[in-house]
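The values are calculated or read from the model by the stated rules, or taken from the named source; none is laboratory data. Keep in mind that this is a model prediction, so the values were computed, not measured. No Cβ is skipped: glycine too gets one built from the backbone with ideal geometry, and neighbour counts run over all protein chains shown. Side chains included, ligands, DNA and RNA excluded: accessible areas come from the protein's heavy atoms. Shrake-Rupley method; radii C 1.70, N 1.55, O 1.52, S 1.80 Å.
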Amino acid sequence: MIELRDIHKSFEGNYVLRGADLKVEKGESLVVIGGSGSGKSVLLKHIIGLLKPDRGTVVIDSTDLSLLDEEGLNEIRKKFGMLFQSAALFDSMKVWENVGFGLKRHTRMTAPEIKEVAVRKLRMVGLVGIEDEMPSELSGGMRKRVGLARAIAMEPEILLYDEPTTGLDPIMADAINELIIKMREKLKVTSVAITHDMKSAYKIADTIAMLYNGVIIDSGSPEEIQNTSNPVVRQFIEGRAKGPIVLEGIGK
Amino acid sequence: MIVKLIEFIGAVTEKPVQGLGRIILLLFSTLKVMVRPPFEIGNIVRQMLEIGVNSLPVVLITAVFTGMVLALQSYTGFKRFGAEGLVGTVVALSMTRELGPVLSALIVTGRAGAAIAAELGTMRVTEQIDAMEAMAVNPVKYLIVPRFLSGMIMLPALTVVTDIVGIVGGYLVSVMLLGANAKPYMRATWDFLEVQDIYNGLIKACFFGAAFTLISCYKGFYTRGGAEGVGRATTGAVVFSSMTILISDYFLSTWLFK
């Protein structure tokens, strides 16, 4: 189980999170929605300990991350797989080396064994015959899928997705959504995704939570969110420029 | 007035002091994880090739021409008071004590230091360093330790090459071009050269290697702000490393060549 309690985070005086609370049950698929720059990525990075809160606690399976030293934190991180917004593949490594990076570091497997696992994971995300290519040779959608293969390579219990469909065409975005659902069903993982793509959110979420002004202002099932009376959430899910959310340069 | 002055001093010094503190912290983290297995042998060898072997052509060219111009200028100057016989000594001492370590450090900083900052900076802004951490891999150990060690090992090695090639360059100009007698020139080269000169030059090179890799790694590792940030980190790495090399050179020389 993942629990974030009263998370505050600021960067050089700019307050991004102002008391965010979040709870994700084992096996649940939670999607956090929110506008660009609302702090969704910051929230996600707190879950895996890439950022430390100024105040508040992050608890993963009853372990408070703030009480862990580096080794303890790394042990917890082995439970996670994370797909980054830009896939964050290592430029200097081949596709299979990217997928097998965690295995090489944390297991005693030989290079051929790692490659075999990498090829299998790549096949799971629908990629065949690209294991010896370099990331720079791949399209955006393929990079995301390689990123997903890398995220599942260590057979994690929790998968984190940072804007999984951003920058992809609608068909590729839907293919990624399908993969996320497949991962959940096949691997029985807990997943947390952040996105501003509502179509994706409705498709992959058990629960949707909205982050606004540094706090979670509403959460519920996709149906509940679709029928919410919260004006901020309504404006966001309907994609209206006018409403309580004021964008820079655009009036109410 | 006094309050404003203190405020001004504070504003001017805050960032450099903060930067220095973070570099020292990064140095401690590097030293701490350096001694812990697993040792990144493959990574270290790759970085030694990148920092050392790939810098060899540019270092060789710099060294030979520096030796040549040093001999040329010394000869012209020394001739005015009849001391042409000391050109070999001047070239040998200048190369081993000063120019060998400093020039090779500056050249390698311009080449490898910039590359380190750009590579790590790009990795930072494209979240590759975050991805590494998310996979429970310590990025300081994986990325910084191999570069730091390679700098410390390869810069003294390059300095040995620079010393030799510089002295050969000086010899060629003096003997072949300016007509100096080969035997006395060689004697002047070796007679006043002590092992300590070479040894202390190598200590300086080792320090410079550690300094430029640490600074370049620091600049790259803490890059912010996309492509522009990577550019700033790269420039900052070269400027800051070069200044550190030149300033520390004075103090190291004062300490080593008493």
Exercise. Would you give the gap between the C-alpha center of region B:176-219 and the C-alpha center of region B:70-149, rounded to a whole Å?
Key: 13
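How much FRET efficiency would the formula 1/(1 + (r/R0)^6) give for A:Arg5 and A:Thr107, where r is the Cβ-Cβ distance and R0 is 35 Å, rounded to 0.05? Write down the numbers at each step before the final one.
Values: r = 34 Å, r/R0 = 0.96.
E between A:Arg5 and A:Thr107, to the nearest 0.05, is 0.55.
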Quiz item: What number, in nm² with one decimal, is the all-direction average of the projected area of the convex hull of the alpha-carbon atoms of the protein assembly as shown?
Solution: 32.2
Practice problem: Compare A:Asn177, A:Asn74, A:Asn14 in a GNM of chain A, Cα atoms joined below 10 Å, and give the one with the largest fluctuation. | Solution: A:Asn14
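Extension gain B:Ile247-B:Leu177, at 0.36 nm per residue separation less the Cα-Cα distance, in nm? Intermediate results must be reported in sequence, preceding the final value.
Working: separation 70, 0.36 × 70 = 25.20 nm, distance 3.53 nm.
Working it through step by step, the gained length comes to 21.7 nm.
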Practice problem: Write down the Kirkwood hydrodynamic radius of region A:122-170, to one decimal in angstroms, obtained as one divided by the mean of 1/r over all alpha carbon pairs. | Solution: 11.7
Quiz prompt | Shielding by other protein chains, A:80-93, mean Cβ within 10 Å | solution = 4
Practice problem: May I have the pair-distance distribution P(r) for chain A, computed from all Cα-Cα distances with 10 Å bins from 0 and rounded to whole percent? | Solution: 7, 30, 35, 21, 6, 1
Practice problem: Identify the residues of region B:75-101 with backbone N under 17 Å of a label point that sits 7 angstrom from the Cα of B:Val160 along the Cα-to-Cβ direction, or state none. | Solution: B:96-97, B:100-101
Quiz item: Each residue of region A:182-196 in order: what ³J(HN,Hα) in whole Hz does its phi give by Karplus 6.51 cos²θ - 1.76 cosθ + 1.60, θ = phi - 60°, with x for Gly and Pro?
Solution: 4, 4, 5, 6, 6, 9, 6, 8, 7, 9, 10, 10, 10, 6, 10
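I need the peptides B:85-91, A:18-24, B:224-230 ranked by packing, meaning the mean over residues of other C-beta atoms within 10 angstrom, with the highest value on top.
Working: B:85-91: 22.0, A:18-24: 18.0, B:224-230: 14.0.
The densest-packed peptide leads the list: B:85-91, A:18-24, B:224-230.
With an 8 Å Cα cut-off and a minimum separation of 6 or more residues, compute the relative contact order for chain A in percent.
Details: 471 pairs, mean separation 62.9, N = 252.
It rounds to 25 percent for chain A.
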Quiz prompt | Karplus (6.51, -1.76, 1.60) ³J(HN,Hα), θ = phi - 60°, over region A:139-150, in Hz, Gly and Pro reported as x | solution = 7, x, x, 5, 4, 4, 5, 5, x, 5, 4, 5
Quiz item: Where in region B:59-86 is the amide nitrogen less than 18 Å from a point lying 7 Å along the Cα-to-Cβ axis of B:Arg187?
Solution: B:83-86
Quiz item: Given R₀ = 22 Å, FRET efficiency for A:Val59-A:Asp206 by Cβ-Cβ distance, to 0.05?
Solution: 0.65
Exercise. Output the relative contact order of chain B, whole-number percent, from Cα pairs under 8 angstrom with separation of 6+ residues.
Key: 31
Self-check item: Backbone HN-Hα couplings from phi across region A:209-226 [Karplus 6.51/-1.76/1.60, Hz, Gly and Pro as x]
Solution: 10, 10, 9, 8, 6, x, 10, 7, 9, 7, 8, x, 5, x, 5, 4, 5, 5
Practice problem: Could you name every residue in region A:101-141 that has 30 Å² or more less accessible surface in the full protein assembly than in its own chain alone (probe 1.4 Å, ligands and nucleic acids excluded)? | Solution: A:Phe101, A:Arg105, A:His106
Quiz item: If you count, for every residue in B:118-127, the Cβ atoms of partner chains within 10 Å of its Cβ, what is the mean?
Solution: 3
Practice problem: Pop a pseudo-label 7 angstrom from the Cα along the beta-carbon direction at both A:Glu12 and B:Phe39 and give the gap in nm to one decimal. | Solution: 4.1
Self-check item: chain A: antiparallel DSSP beta bridges as a percent of all, rounded to 5
Solution: 55
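Just to be sure I understand: of the beta bridges DSSP finds with both ends in the protein assembly as shown, what percent are antiparallel, rounded to 5? Present the calculation step by step, with values, prior to reporting the outcome.
Numbers: 21 of 39 bridges.
Here the share of antiparallel DSSP bridges comes out near 55 percent.
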Practice problem: Identify which of A:Val117, A:Val146, A:Val32 has the largest mean-square fluctuation in a Gaussian network model of chain A, with springs joining Cα atoms closer than 10 Å. | Solution: A:Val117
Exercise. Report the calculated FRET efficiency for A:Leu67 and B:Glu98 (r = Cβ-Cβ distance, R0 = 51 Å), to the nearest 0.05.
Key: 0.45
Quiz item: Can you give the net charge of the other residues whose Cβ lies under 10 Å from the Cβ of A:Met1, counting K and R as +1 and D and E as -1?
Solution: -2
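Expressed in nm to one decimal, what extension gain is obtained for the pair A:Ser139 and A:Asn227 from 0.36 nm per residue of sequence separation less their Cα-Cα distance? Don't jump to the answer; show the numbers that get you there.
On the way: separation 88, 0.36 × 88 = 31.68 nm, distance 3.72 nm.
Contour length minus the Cα-Cα distance gives 28.0 nm.
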Self-check item: Under 5 Å, built H, 5+ apart or other chain: amide partners of A:Val31
Solution: A:Ala193, A:Asp206, A:Thr207, A:Ile208, A:Ala209
Quiz item: For peptide B:135-141, how many partner chain Cβ atoms fall within 10 Å of a residue's Cβ, on average?
Solution: 6
Quiz prompt | Centre separation in Å (Cα based) which lies between region A:224-240 and region A:173-212 | solution = 18
